[in-house]
Every structure is written in structure tokens, then in C-alpha cells.
1. Restricting to the stretch 98-125, what's the tally of residues that are free of Cβ contacts under 8 Å to residues at least 60 places away in the same chain and open to solvent by 30 Å² or more (accessible area, probe 1.4 Å)?
2. Within the stretch 152-166, track down each residue that is open to solvent by 10 Å² or more (accessible area, probe 1.4 Å) and within 25 Å of Ile135 (Cα to Cα).
3. All but one of (1) exposed (fewer than 15 other Cβ atoms within 10 Å of the Cβ); (2) modelled with pLDDT under 80; (3) of a type in the set (D, E, K, R) hold for Lys63, so report the exception by its number.
4. So, restricting to helices (runs of 4 or more DSSP H) that lie completely within the stretch 101-188, which ones have at least 2 residues that are over 18 Å from Gln217 (Cβ atoms) and among the small types (Gly, Ala, Ser)?
5. Which one of these is modelled with pLDDT of 85 or more, under 17 Å from the mean Cα position of the chain (by Cα) and of a type outside the set (Gly, Ala, Ser): Arg110, Arg84, Arg101, Arg80?
6. Identify the residue in the stretch 48-60 that is surrounded by 14 or more Cβ atoms within 10 Å (Cβ to Cβ) and in a helix (DSSP H, G or I) and, among all such residues, is farthest from the chain's Cα centre (by Cα).
7. Identify all residues within the stretch 1-28 that are surrounded by fewer than 18 Cβ atoms within 10 Å (Cβ to Cβ), closer than 30 Å to Tyr151 by Cβ and modelled with pLDDT of 85 or more; write none if there are none.
8. Of the numbered conditions (1) open to solvent by less than 40 Å² (accessible area, probe 1.4 Å); (2) farther than 21 Å from Asp168 by Cβ; (3) in contact (Cβ under 8 Å) with a residue 12 or more places away in the chain, Phe70 fails exactly one; give the number of that condition.
Amino acid sequence: MDDANPSQNLVEQVRVKIAKGLLKEGDRLPTEREFAEQLELSRNTVRKAMASLVQLGLVTVRKGASGGAFISLGGSQTIRTAMRDLYHLGGISSDELAEARLVLSQSVVRLACQRRTDADLVTLERNVANAEAAIARGDIASRMKINIDFYVLLGVASKNQVLTLLMDSVGQSLIQFVRSAGLLEPKDIMPVRHRIIECLRDRDQSGAVEAITTHLQTTKDLYTKPAARRAIKLPASADARG
């Protein structure tokens, strides 16, 4: 460690914890003030370290009430960008993405039923509550991000970082499609979220797989069959990050 460069020391501490598995994708870091108090550093030093971690692709900063600094490994961003570019350029189709999402989701919920912790359930329940709040206030941009986050959190509950990364990448790639097709009505989405969490709580693997399979297949039908589509169109100003 370089005692003359405390901000770099903090960067190295975070990198070591990631390497040892003590910090994982999606973990939330302490606030700038909390870091400064815990490590007896100036807030300016912590701010410099966070900027370096963001540049390295190890941390993502999210704004808003549920925001903060989160571990976001560089490989995730690379794969996410590559998949989005492939979809945008026509290298992969929406049908292929939907199929991949279904296969991944089935495996993820099966593992999540086996490995989830009580903390995972709390986080998923909070995600659903946040989605319902976004629906109530008509916040489409937040709703899109929360929808993607739900599947990423299922990946986190599966305790498999590769599956978590893939769930995020596939979900992010589908955003472009959702921008043109619109969001589904809440009644087509929210009940299954509650059902999946119920299955996770009971460790009901077959129930969870059935719920997410039926939901994703129905979602595909609603999007691909114009007569059946019940989608909420997005305003041009909607942020489609998530």
C-alpha cells in the first residue's frame, strides 16, 4: 500500500475485497461520509477513490432515493454493451433474446429457491414495492429500471455471478425493444412478481419455474401479437436505462 496516496489505498482495498469474494456484483458500498468516518479519511479522498473505481468499471453510481455506489464489475459492462450493439445492428433478434431470457430465468429461479437468503427476499420485496410506487406515480423511467433490476436480483439470489451478469445483459439488451413496443400493463406483470417471491420463500422450485415460464411466454405473445398487445407507450423523454 502507498501511504502517500490514501485514495489509491482505498481503491486497492475495494479491489482486494472483490477478488476475495467479500464484495460481489450489486453490493452497495458505504456512503462517502460513512467511508470517510470509518477509515478516518477526508471526504475528498473518498471522492477521488470512488471516481477511480467508476473509471475502472468496478463501481456504478445510481441516483435517486434508492441510489448509491454499487459494485458493478467491468466484465458486466463489456458484455452488456456487446449484446446491446449486436441487437441494435441486427446480429441477434428479439426472439433470440426472449428465448435466452426464458432459459436463463428458469435456471436462475431454480437455484434461487435453493440458495436464497432472507436478505434476498427482503431486497426482492423492496423492488416490488418500489415498482408499485413507480406505477402509482406514473414514473415510467424508474419503472423500466426496476423491472430489469428484479431479474438481476433473482440472479443475485441464485448466488451465481455469471448468471447474474447474463440476466443483466439480456435484460439491458431488451430495453431497445421495450422503447418501441411500450411497457406492459401492471396487471400483466406485478402478480407474477409476488408469486415468484412466494415460491422463493417456500423454496418451491417447480412453482417458481412454472410462474416465470408462463409469464415470459405470455409477455412474448403480448408483444408479438398486435391484436393481443396491451402495452403502455413510452413518451419520447423516457429514460430507457433499465
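The values are calculated or read from the model by the stated rules, or taken from the named source; none is laboratory data. Keep in mind the model is a prediction, meaning the values are calculated, not measured. Using ideal geometry, Cβ is built from the backbone for each residue, glycine included, and neighbour counts are taken over all protein chains shown. Accessible surface areas use protein heavy atoms only, side chains included; no ligands, DNA or RNA. Shrake-Rupley method; radii C 1.70, N 1.55, O 1.52, S 1.80 Å.
1. Step one: of the stretch 98-125, the residues free of Cβ contacts under 8 Å to residues at least 60 places away in the same chain are 99, 103, 107-108, 111, 115, 117-119, 122-123.
Remaining after also requiring open to solvent by 30 Å² or more (accessible area, probe 1.4 Å): 99, 103, 107, 111, 115, 117-119, 122-123.
Matching residues across the stretch 98-125 total 10.
2. Within the stretch 152-166, Val152, Leu153, Val156 qualify.
3. Among (1) exposed (fewer than 15 other Cβ atoms within 10 Å of the Cβ); (2) modelled with pLDDT under 80; (3) of a type in the set (D, E, K, R), the lone unmet condition for Lys63 is (2).
4. 118-136, 140-158, 161-173
5. When all the criteria are applied, what remains is Arg101.
6. Top of the filtered list is Lys48.
7. Asp27, Arg28
8. (2)
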